[in-house]
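To start, the structure under review is shown below, and the notes come after it.
Just so you know, all these numbers are worked out from the coordinates, no wet-lab data involved. Owing to the predicted nature of the structure, the values given are computational and were not obtained by experimental measurement. Neighbour counts run over all protein chains shown; Cβ positions are idealised from the backbone, glycine included.
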Amino acid sequence: MTTRGFAEPEFAKIVDFIDRAIKIAAEIQKSLPKEANKLKDWKAKLGDGSEYPELVQLRKEVNELAGKYPLPALLE
């Protein structure tokens, strides 16, 4: 991340992204029946993520931040 030029404010955003992603994942897990405790069950429930507006928003924000800081190898 520092290779891309991230500074403290960007790291704070990344922490927020990770926190939100964990909370979204936990909510999806809670929505499953107790016996559906395998990763395949969770992935099936998640699908492409489009039915979870908070996940769609998070994905958009991550892409926006990453787009501002291209990989150094791609700059050459």
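At a glance:
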{"item": "27 Å Cα-Cα threshold exceeded, pairs from Lys13/Lys38; Lys23/Lys43; Lys40/Lys60; Lys13/Lys40; Lys13/Lys34; Lys40/Lys68", "result": "Lys13/Lys38; Lys13/Lys40; Lys13/Lys34; Lys40/Lys68"}
{"item": "For Cα Rg over 2.2 N^0.38 Å, calculated from these coordinates, the label among (1) 1.37; (2) 1.52; (3) 1.02", "result": "(1)"}
{"item": "Gaussian network model of the chain, Cα within-10 Å springs - most flexible of Leu65, Leu55, Leu39", "result": "Leu39"}
{"item": "Gaussian network model of the chain, springs between alpha carbon atoms under 10 Å - residue of Lys60, Lys34, Lys13 with greatest fluctuation", "result": "Lys34"}
{"item": "Estimated distance in nm for a label pair at Val62 and Thr3, the labels positioned 7 Å out from Cα along Cα-to-Cβ", "result": "1.9 nm"}
{"item": "Choice from Glu61, Glu35, Glu51 with maximal GNM fluctuation in the chain (Cα, 10 Å cutoff)", "result": "Glu35"}
{"item": "CD proxy at 222 nm, helix term only [per DSSP H run n ≥ 4: -39500 (n - 2.57); per residue of the chain; nearest 500]", "result": "-21500 deg cm²/dmol"}
